[in-house]
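Asks: Take this structure, written in structure tokens, and hold onto it; I'll ask about it next.
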Amino acid sequence: MDLVDLMHTLYPYAKSLHIMAVISWMAGLFYLPRLFVYHVEQAENVEGVSPIFLVMERKLLKLIMGPASVVTWLAGLFLVLTPGIVDWGALWPWMKGASVIGMTWFHHWLMARHKGFEKGANRLTGRQYRLMNEVPTLLMVIIVVSVIFKF
């Protein structure tokens, strides 16, 4: 069995792994900004609550979002590198790729915001985090529509 045959054999497994990792990563990308909203709003009203939010945010980032993003990327790269799967002359793989890069940027932006909370230097409001919470939704819509319709 040559490499191309092996990649085609492993393709459904990689695709399954990719979908599961994306679901886990997206759950974190949706939930962490909400945690930031509650962190900002409750830290003003409830003494001693900030360290609890910091632990929840850190664990979400390190134990779920980080590994899920790595698996998403690795499995996704395997999928796009499998010969004959992606029509690179079409628009959809480029739209999906740009959106995945945007999703990765958003993940890193969230990590930077968490570091700000750790340093006591958060400058954003709950409303601003609520607005930023729409970013992964918009990117997800672009990704799903691109992959399903393949225009």
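Asks: Could you work out the relative contact order of segment 1-119, using alpha carbon pairs under 8 angstrom and six or more residues apart, expressed as a whole percent?
Replies: Rounded, it is 37 percent for segment 1-119.
Asks: Pick out which of PRO136, PRO83, PRO93 has the largest mean-square fluctuation in a Gaussian network model of the chain, springs linking Cα atoms closer than 10 Å.
Replies: Result: PRO83 has the largest fluctuation of those listed.
Asks: If you rank PHE149, PHE30 by fewest surrounding Cβ atoms within 10 Å, what's the result?
Replies: With the sparsest Cβ surroundings first, the list reads PHE149, PHE30.
Asks: In a GNM of the chain with a 10 Å cut-off on Cα contacts, which of ILE23, ILE101, ILE85 has the highest mean-square fluctuation?
Replies: Comparing ILE23, ILE101, ILE85 in a Gaussian network model of the chain, the most mobile one is ILE85.
Asks: Still on this structure: Take each uninterrupted DSSP H stretch in the chain, measure its Cα extent along the helix axis, and return the ones at 18 Å or beyond whose mean Kyte-Doolittle hydropathy is at least 1.6.
Replies: Working: long enough: 3-43 (55 Å, 0.74); 66-81 (23 Å, 1.84); 92-118 (39 Å, -0.22); 135-149 (21 Å, 2.91).
Membrane-span-like by this criterion, though nothing is claimed about a membrane: 66-81, 135-149.
Asks: Hey, another quick one. Lysine pairs in the chain with Cα distance under 21 Å, only those 8 or more apart or on different chains: how many are there?
Replies: 7
Asks: If the convex hull of the alpha-carbon atoms of the chain is projected onto planes in all directions, what is the mean projected area in square nanometres? Write down the numbers at each step before the final one.
Replies: Numbers: hull surface 38.7 nm².
Its average projected convex-hull area is 9.7 nm².
Asks: Kindly provide the helix-only [θ] at 222 nm of the chain, computed as the sum of -39,500 (n - 2.57) over DSSP H runs of four or more divided by all residues, to the nearest 500 deg cm²/dmol?
Replies: So the helix-based figure for the chain works out to -26500 deg cm²/dmol.
Asks: Mind sorting TYR11, TYR129 by how few other Cβ atoms lie within 10 Å of their own Cβ, fewest first? Walk me through the numbers before you get to the answer.
Replies: Numbers: TYR11 15, TYR129 22.
Fewest-to-most Cβ neighbours within 10 Å comes out as TYR11, TYR129.
Asks: Only counting other Cβ atoms within 10 Å, I'd like GLU134, GLU118 sorted with the fewest neighbours first. Don't jump to the answer; show the numbers that get you there.
Replies: Numbers: GLU134 10, GLU118 13.
Ordered from fewest to most neighbouring Cβ atoms within 10 Å, GLU134, GLU118 come out as GLU134, GLU118.
Every number in this text was worked out from the coordinates using simple rules, so none of it is lab data. What you see is a predicted model; the values in this text were computed from it and never measured. Because the Cβ atoms are built from the backbone with ideal geometry, glycine has one as well, and the counts that use them run over all protein chains shown.
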